[in-house]
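Chemist: One structure follows; several queries about it will come next.
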Amino acid sequence: MTFSPELIAQSIITGIMIGGVFALISVGLSLIWGVMRIINFAHGEFLMVAMYIAYFLVARGGWDPYATLLVTTPALFLLGALIFRGTIRPILGHPSMNQIMLTVGLSLILQNLALVFFKADVLTTRTEYTRMILSIGPVIIRVPQLIAFIGSALTAFLLYWYLQRTDTGRAIRAAAQNKQAATLMGVDVQRIYLLAFGIGSATLGVAASLMISFYYTSPTVGLFFGLIAYVVVVLGGLGNFLGTLVAGLIIGLTESVGAAILPGSLSRVLTFALFILVLLFRPQGLFGGKRA
Amino acid sequence: MLDVQQVSVHYGAFQALHEVSLQVPAGKVVSLVGANGAGKTTLINTISGLLKPSGGAIFFEGQDLTRLSGHQVAGLGLAQIPEGRKIFPEMTVYENLLMGGYSAQARKLRSQTLEEVYTLFPRLRDRHKQLARTLSGGEQQMLVIGRALMMRPKLMMFDEPSLGLAPLMVKAVFEVVVQLKARGMTILLVEQNVRQSLRVADYAYVLESGQIVLEGESRAVLENEHTRRAFLGL
Ligand SMILES: Nc1ncnc2c1ncn2[C@@H]1O[C@H](COP(=O)(O)OP(=O)(O)O)[C@@H](O)[C@H]1O
Ligand SMILES: [Mg+2]
């Protein structure tokens, strides 16, 4: 087999851009884990919900895809906060098996609700951005992917800045590192948990709006992204914010280069091979775990 | 200023405190001594709102604390320096101190208070960019005290601040308590280091198996037969 340098260059560019989106999708999962030690197995399904919202606004409402941010982001914050309040908060501190069952259950419920309401159809939008490309020599850059990459990077940066530089962000980190000490400083830890879960979910609203121009929507779309997010979060070191961003790029590259050099059905193998290798040899992730 | 009235606390079926009553008047240092497992931490955590009493009431400046949660109690100006130096390990010294000034009233004066804390603990100023987990045990204790001062508290409760520190640091910790006392701070001091803590204190309570068995002027408690036998090995 021979691979043209163009093909490799193309897959690297695509990989970086999609990796940025993977990073954004994973950062919320990592934040939630870092703060309250919960893995939300419905994370991918939250993204699915956001993608349906974005889809209907664009396809039926005629919205500009990026304007849907204004709806998807607060909607996902609310969805996250409500689900946290109603189902997850009561089982914080319970055995982790119960927590896993609960969030896996939530993911199944959301998937099946989507099936009932929207059928199993794969929905795609055609927006004015869908076909836009930039050519750099032999390499083409799809404009919606470029916008998604830039938007993801901006959102991740904004979230990082918020956690590092604002009083509430600092309180989120404090609650993650020592709940009792944070309470003694006057931090309402229950409120902080709600906020962190809401923010972790809201990032998925942003991601959905950034992706809707070039990615399909279906009831099972969350399975793929959920899985990617767990791989990225583990690879980056559970709860390690910057590690998660780098791991997102690595997985994006692995997926895209894998698709370029391996036959279709095998392309996904590379990502999970990498995941298993990390679990075996560096279970703390490439960059070590952290409390938010 | 602080008035604990017949407080009982249970962990499940186990009763850790039996109708404990204790007062801390404004501007005084009150010491609570007792052996390991007597219930000192339980009492302090109950005052801080981290545990709910099964009976009795706690008043701070006339306000009933028993219905408030921990973060609300902190907001009233009641600071606890918890057992075992509970720093925020992955934050810098500076960020730890900022967290002390989190609540609304403290935040208004935060930069001014920070200067005061840095003046009291120059070591913290030198290390302000360092991650808190990289500090020595003594420095971490200073950080936790400094962080509590950032709250601009009206009452400070120390839970065994000298535990596990080198003798020189133990001395430094007691010096800080003396300094704070000289500035008029109201302090509840929990210590196993009975002799030193009774020297600093105005008044003392002795806790045994969840009950107050003795109280009085600290000099009297220090000279009491029972205390001498139980804690001072005399
Ligand atoms: N979380 C808990 N659950 C059950 N029992 C506890 C708990 N914390 C403390 N205890 C018990 O309560 C008693 C008082 O403990 P504590 O307040 O920590 O004592 P002290 O601070 O004086 O050493 C001890 O018998 C201890 O075993
Ligand atoms: Mg104790």
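Chemist: Full-extension gain between A:Met101 and A:Arg131, please, as 0.36 nm times their residue separation minus the C-alpha to C-alpha distance.
Modeler: Working: separation 30, 0.36 × 30 = 10.80 nm, distance 4.18 nm.
Gain on extension, A:Met101 to A:Arg131, equals 6.6 nm.
Chemist: A further question on this structure: So what's the gap between the Cα centers of the stretch B:153-181 and the stretch A:127-158, to the nearest angstrom?
Modeler: Between the Cα centres of the stretch B:153-181 and the stretch A:127-158 lies a distance of 58 Å.
Chemist: Next up: Let me know the mean shielding of B:69-75 by other chains, meaning the per-residue number of their Cβ atoms within 10 Å of its Cβ. Mind showing how you got there, number by number?
Modeler: Details: counts 4, 10, 11, 3, 3, 7, 4.
If you average over the peptide's residues, the count of other-chain Cβ atoms is 6.
Chemist: Hey, in the GNM for chain A with a 10 angstrom Cα cutoff, which one of A:Ala50, A:Ala67, A:Ala156 fluctuates hardest?
Modeler: Top of the fluctuation ranking is A:Ala67.
Chemist: Let me ask something else. Extent of the protein assembly as shown along each principal axis, from alpha carbon coordinates, in Å, largest to smallest?
Modeler: Between the extreme Cα coordinates on each principal axis of the protein assembly as shown lie 90, 47, 43 Å.
Chemist: May I have the convex hull volume per residue, in Å³, for the Cα set of chain B? Could the numbers behind the result be given before it?
Modeler: Numbers: hull volume 27.5 nm³, N = 234.
In chain B, the Cα convex hull volume per residue is 118 Å³.
Chemist: List the pair-distance distribution P(r) of chain A, using every Cα-Cα distance, as the percent of pairs falling in each 5 Å bin from 0 up to the bin containing the longest distance, rounded to whole percents.
Modeler: 1, 6, 12, 16, 19, 17, 14, 8, 4, 2, 1, 0, 0
Chemist: At most 13 other Cβ atoms within 10 Å and a DSSP loop assignment: could you name the trypsin sites (Lys or Arg not before Pro) in the stretch B:91-184 that fit? The partial results should precede the final answer.
Modeler: Details: sites: B:Arg107, B:Lys108, B:Arg110, B:Arg123, B:Arg125, B:Arg127, B:Lys129, B:Arg133, B:Arg147, B:Lys154, B:Lys171, B:Lys181, B:Arg183; in loops: B:Arg127, B:Lys129, B:Lys154, B:Arg183.
Passing both the DSSP loop test and the Cβ count: B:Lys129, B:Arg183.
Chemist: Let me ask something additional. Build a GNM of chain A with springs between Cα atoms under 10 Å: which of A:Ile261, A:Ile250, A:Ile38 gets the top mean-square fluctuation?
Modeler: It is A:Ile261.
Chemist: Restricting to DSSP loop positions (anything but H, G, I, E, B) with no more than 16 other Cβ atoms inside 10 Å of their own Cβ, which trypsin sites (Lys or Arg not before Pro) remain in the stretch A:1-110?
Modeler: Values: sites: A:Arg37, A:Arg60, A:Arg85; in loops: A:Arg37, A:Arg60.
For trypsin sites (Lys or Arg not before Pro) across the stretch A:1-110 that sit outside H, G, I, E and B with at most 16 neighbouring Cβ atoms in 10 Å, the list reads A:Arg37, A:Arg60.
Chemist: Any idea what angle helix B:110-120 forms with the longest principal axis of chain B, computed on alpha-carbon atoms, 0 to 90 degrees, nearest 10?
Modeler: 80
Chemist: Label points 7 Å out from Cα along the Cβ direction at B:Ser8 and B:Gln72: separation in nm?
Modeler: Here the modelled spin labels are 2.4 nm apart.
Chemist: In vacuum, with every alpha carbon of the stretch A:127-251 counted as one equal point scatterer, what does the Debye formula give for log10 I(q)/I(0) at q = 0.15, 0.20, 0.21 Å⁻¹? Two decimals, please.
Modeler: Once normalised to I(0) and log-transformed, intensities are -0.85, -1.25, -1.31.
Chemist: In whole angstrom, note down how far apart the Cα centers of the stretch A:159-209 and the stretch B:31-87 are.
Modeler: Centre-to-centre distance over Cα atoms comes out at 25 Å.
Chemist: Moving to a separate point now. Kindly put B:Ser103, A:Ser96, B:Ser209 in sequence by how many other C-beta atoms sit within 10 Å of each C-beta, fewest to most. Spell out each step's value before the answer.
Modeler: On the way: B:Ser103 19, A:Ser96 11, B:Ser209 14.
Fewest-to-most Cβ neighbours within 10 Å comes out as A:Ser96, B:Ser209, B:Ser103.
Chemist: Let me ask you something else. So how tilted is helix A:221-236 from the main axis of chain A? Cα-based, degrees 0 to 90, rounded to 10.
Modeler: 70
Chemist: So, one more: Taking loop as defined by DSSP and a crowding limit of 13 other beta carbons within 10 Å, which trypsin sites (Lys or Arg not before Pro) in the stretch A:109-163 fit?
Modeler: Details: sites: A:Lys119, A:Arg126, A:Arg131, A:Arg142; in loops: A:Lys119, A:Arg126, A:Arg131.
Passing sites in the stretch A:109-163 are A:Lys119, A:Arg126, A:Arg131.
Chemist: Angle check, please: helix A:96-118 long axis (alpha carbons) against the longest principal axis of chain A (alpha carbons), in degrees 0 to 90, nearest 10.
Modeler: Roughly 50 degrees, rounded to the nearest 10.
Values quoted throughout were computed directly from the atomic coordinates according to the rules given, and no laboratory measurement underlies them. What you see is a predicted model, and the numbers here were worked out from it, not measured in a lab. With ideal geometry, Cβ positions are generated from the backbone for all residues, glycine too; neighbour counts draw on all protein chains shown.
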